[in-house]
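Contents: one structure, followed by commentary.
The values are calculated or read from the model by the stated rules, or taken from the named source; none is laboratory data. Values in this document were obtained by computation on a predicted structure and should not be read as measured data. Cβ coordinates were reconstructed from backbone atoms using ideal geometry, including for glycine residues, and neighbour counts include every protein chain displayed. These area figures cover heavy atoms from the full protein model, side chains too; ligands, DNA and RNA do not enter into them. Shrake-Rupley method; radii C 1.70, N 1.55, O 1.52, S 1.80 Å.
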Amino acid sequence: MSQTMTAQVLPELQISVPQPARPVQGLSGTAPAVTATAWRILVVGPDNGDPLVTQLRRHGHEPVGVTQGSAALQAYADVDLVLLALELPDLDGLEVCRAIRSVSRVPVIVVTARQSELDCVLGLQAGADDYVTKPYGLRELMARIEAVMRRAQWQPTAVEEIRHDSLRIDVNSRRVVVDGTEVALTRKEFDLLCLLASHPGTVIPRKQLLKQVWGDSWSRRTVDTHVSSLRGKLGDSGWIVTVRGVGFKLGHC
């Protein structure tokens, strides 16, 4: 079975899981201080001086503004939420949304002047978590951000067993069985396999694997070495597929 394949995905795209929020004080001024939640928010829009960045900062968030879709694809992995305009100078906003969603679970809210029902449907089908049309009220947008982030932070009951074809992974006991035979793995090999198996069909970049399994403190050859070892122990190289220039995903055997 072939171990490599090509994919039309930018190498820097990464899977991103929202990080725990940080408590901050409420709005400054004469209003009573309230407990709020600070999010790292990427604002993607054609306006270089987008007032939304200033408004989000006043609400205690940490906004980062970019004006091009290509810049958004480089920056989204380091934020908790993306506010995405569809009218961008270099790429169509829907394509940017699809590219992010193909490899990441970071929440995306489309903020646009396109108000038709079809545009809204296309935005949601592209992977947006919400769709806000201009003009909008700031209070409404902030409420939608809070609602989307609540959903993103909700965690279902922890999975105890992962099954994929003849592969069985017992997460609690850290046991792996292939075709009825138990496979002895090192701690990092198990963590790597479990991460890939938890996202079937998703290509996970090397950088993300290093960050989540090794704490981003090892070289990219570390991933290749462990993948090679895993393939040998699982008995078939097809269990882990290399996507050239991007990363790896769980295969089928």
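Can you spot a residue in region 45-52 that is open to solvent by less than 70 Å² (accessible area, probe 1.4 Å), under 22 Å from the mean Cα position of the chain (by Cα), over 16 Å from residue 141 (Cα atoms) and not acidic (Asp, Glu)?
Among the residues of region 45-52, not one is open to solvent by less than 70 Å² (accessible area, probe 1.4 Å), under 22 Å from the mean Cα position of the chain (by Cα), over 16 Å from residue 141 (Cα atoms) and not acidic (Asp, Glu), which makes the answer no.
Which residue, of 213, 227, 223, is crowded, with 17+ Cβ neighbours inside 10 Å, part of a helix (DSSP H, G or I) and out of contact with any Lys or Arg (no Cβ under 9 Å at 6 or more places or on another chain)?
227
Each row is one residue, and each column tells you yes or no for (1) open to solvent by 20 Å² or more (accessible area, probe 1.4 Å); (2) closer than 22 Å to residue 106 by Cβ; (3) at pLDDT 90 or above.
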| residue | (1), (2), (3) |
| --- | --- |
| 33 | yes, no, no |
| 55 | yes, yes, yes |
| 59 | yes, yes, yes |
| 69 | no, yes, yes |
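Residues in region 181-205 that are of a type in the set (D, E, K, R) and open to solvent by less than 20 Å² (accessible area, probe 1.4 Å): how many?
Residues that pass the stated criteria total 1.
When you check residue 151 against the structure, is it open to solvent by 20 Å² or more (accessible area, probe 1.4 Å), under 24 Å from residue 246 (Cβ atoms) and under 17 Å from the mean Cα position of the chain (by Cα), yes or no? Walk me through how you get there before you give the answer.
Values: open to solvent by 20 Å² or more (accessible area, probe 1.4 Å): yes; under 24 Å from residue 246 (Cβ atoms): no; under 17 Å from the mean Cα position of the chain (by Cα): yes.
For residue 151, the condition - open to solvent by 20 Å² or more (accessible area, probe 1.4 Å), under 24 Å from residue 246 (Cβ atoms) and under 17 Å from the mean Cα position of the chain (by Cα) - is not met.
Can residue 104 be described as closer than 30 Å to residue 249 by Cβ and in contact (Cβ under 8 Å) with a residue 60 or more places away in the chain?
Yes, satisfied.
Within region 191-211, is there a residue that is touching an Asp or Glu at 6+ places or on another chain (Cβ under 7 Å), over 15 Å from residue 250 (Cβ atoms) and not basic (Lys, Arg)?
Within region 191-211 (the criterion being touching an Asp or Glu at 6+ places or on another chain (Cβ under 7 Å), over 15 Å from residue 250 (Cβ atoms) and not basic (Lys, Arg)), the answer is yes, since at least one residue qualifies.
Working only within region 83-108, note down all residues that are among the small types (Gly, Ala, Ser) and farther than 22 Å from residue 143 by Cβ.
Within region 83-108, 93, 99, 102, 104 meet the criteria.
Just the residues that are at pLDDT below 90 and either of a type in the set (S, T, N, Q) or in contact with a helix residue (DSSP H, G or I) (Cβ under 6 Å, 6 or more places away or on another chain) (or both), please, taken from region 132-160.
The answer is 153, 155, 157.
Out of (1) crowded, with 21+ Cβ neighbours inside 10 Å; (2) not in a loop (DSSP other than H, G, I, E, B), what's the single condition that is false for residue 101?
Among (1) crowded, with 21+ Cβ neighbours inside 10 Å; (2) not in a loop (DSSP other than H, G, I, E, B), residue 101 violates only (1).
Of everything in region 112-131 that's open to solvent by 10 Å² or more (accessible area, probe 1.4 Å) and either in contact (Cβ under 8 Å) with a residue 60 or more places away in the chain or assigned to a helix (DSSP H, G or I) (or both), which residue is farthest from residue 202 (Cα to Cα)?
Checking each candidate, the answer is 117.
Kindly evaluate residue 90 against the criterion of being in contact with a Pro (Cβ under 6 Å, 6 or more places away or on another chain) and modelled with pLDDT under 95.
no
In region 54-78, what count of residues is obtained for those that are closer than 20 Å to residue 132 by Cβ and touching a residue at least 60 places away in the same chain (Cβ under 8 Å)?
Selection size over region 54-78: 3.
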